[in-house]
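Trainee: One structure, pasted below without further comment.
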Amino acid sequence: MKGYNFKFEKILNLRLREEEQEEDKYLLLQKELNDIKSNIEEIETKKENVFLELRQKDTKLSSIITLRKYLQRLRLNKEQLIARKEEKSTELAQQLEILMEKKKERKTLEKLKEREVEEFIKEFLKAEQKELDELGRHYSMGGRSI
């Protein structure tokens, strides 16, 4: 059987590489989003610790002022992180759409390849059967030339 060559193999490989690149971008964005979420949680923990310290009865006025300023910085940082989180969420959704489109393009080419391989096999088997039929006729006639 002669080897089958898919005429769009290079394009299929290109689509596969593009899909892998888009998937890497998606995973990177997802990691960045998770980092932002963990930073927000960390800020919340710090705020809780500050509130616990403020509730203590023996806290001095200077400490209270310092802690309130620290709380303001934490709130500002949290607001900035929430804004970045929303931006990353939007980027992540867009990247997911791009990734799904790349997967769709690759799968389309893979289906085309599968159909062409099936057609190639059918044609090959048909040619083999024709050759076997001719050999059978030849030998049934006693090996005489046709």
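The values are calculated or read from the model by the stated rules, or taken from the named source; none is laboratory data. Everything quoted here is computed from the prediction, not taken from an experiment. Note that we place each Cβ from the backbone using ideal geometry, even for glycine, and neighbour counts take in every protein chain shown.
Trainee: In the list GLU101, GLU48, GLU110, which residue meets the criterion of being touching a residue at least 60 places away in the same chain (Cβ under 8 Å), in a helix (DSSP H, G or I) and not hydrophobic (A, V, I, L, M, F, W, C)? Before the answer, list the steps.
Mentor: Numbers: GLU101 fails: touching a residue at least 60 places away in the same chain (Cβ under 8 Å); GLU48 fails: touching a residue at least 60 places away in the same chain (Cβ under 8 Å).
Sole residue among the options that is touching a residue at least 60 places away in the same chain (Cβ under 8 Å), in a helix (DSSP H, G or I) and not hydrophobic (A, V, I, L, M, F, W, C): GLU110.
Trainee: Here's something else I'd like to know. Filter region 16-41 for residues that are in contact (Cβ under 8 Å) with a residue 60 or more places away in the chain and within 17 Å of GLN95 (Cβ to Cβ) and give the result.
Mentor: GLU18, GLU19, GLU22, GLU23, LYS25, TYR26, LEU29, GLN30
Trainee: Condition first: out of contact with any helix residue (DSSP H, G or I) (no Cβ under 9 Å at 6 or more places or on another chain) and among the hydrophobic types (A, V, I, L, M, F, W, C). Now tell me which residues in region 38-79 satisfy that.
Mentor: Passing the criteria: LEU52, LEU61, ILE65, LEU76.
Trainee: Further question: Assess whether GLU53 counts as being part of a helix (DSSP H, G or I), over 30 Å from GLU97 (Cα atoms) and either modelled with pLDDT under 95 or under 31 Å from the mean Cα position of the chain (by Cα) (or both).
Mentor: Yes.
Trainee: Follow-up question, since we're still on this one. Could you tell me which of the residues GLU110, GLU23, GLU19 is under 17 Å from the mean Cα position of the chain (by Cα), surrounded by 12 or more Cβ atoms within 10 Å (Cβ to Cβ) and closer than 30 Å to ILE121 by Cα?
Mentor: GLU19
Trainee: In a helix (DSSP H, G or I) and within 33 Å of the chain's Cα centre (by Cα): which single residue out of GLN72, GLN94 fits that description?
Mentor: So the residue among GLN72, GLN94 that is in a helix (DSSP H, G or I) and within 33 Å of the chain's Cα centre (by Cα) is GLN94.
Trainee: Those residues that are touching a Leu at 6+ places or on another chain (Cβ under 8 Å), closer than 29 Å to ARG15 by Cβ and not charged (D, E, K, R), I need them from region 63-119; list them, please.
Mentor: If the condition is that a residue be touching a Leu at 6+ places or on another chain (Cβ under 8 Å), closer than 29 Å to ARG15 by Cβ and not charged (D, E, K, R), then SER89, LEU92, GLN95, LEU109 are the ones that fit.
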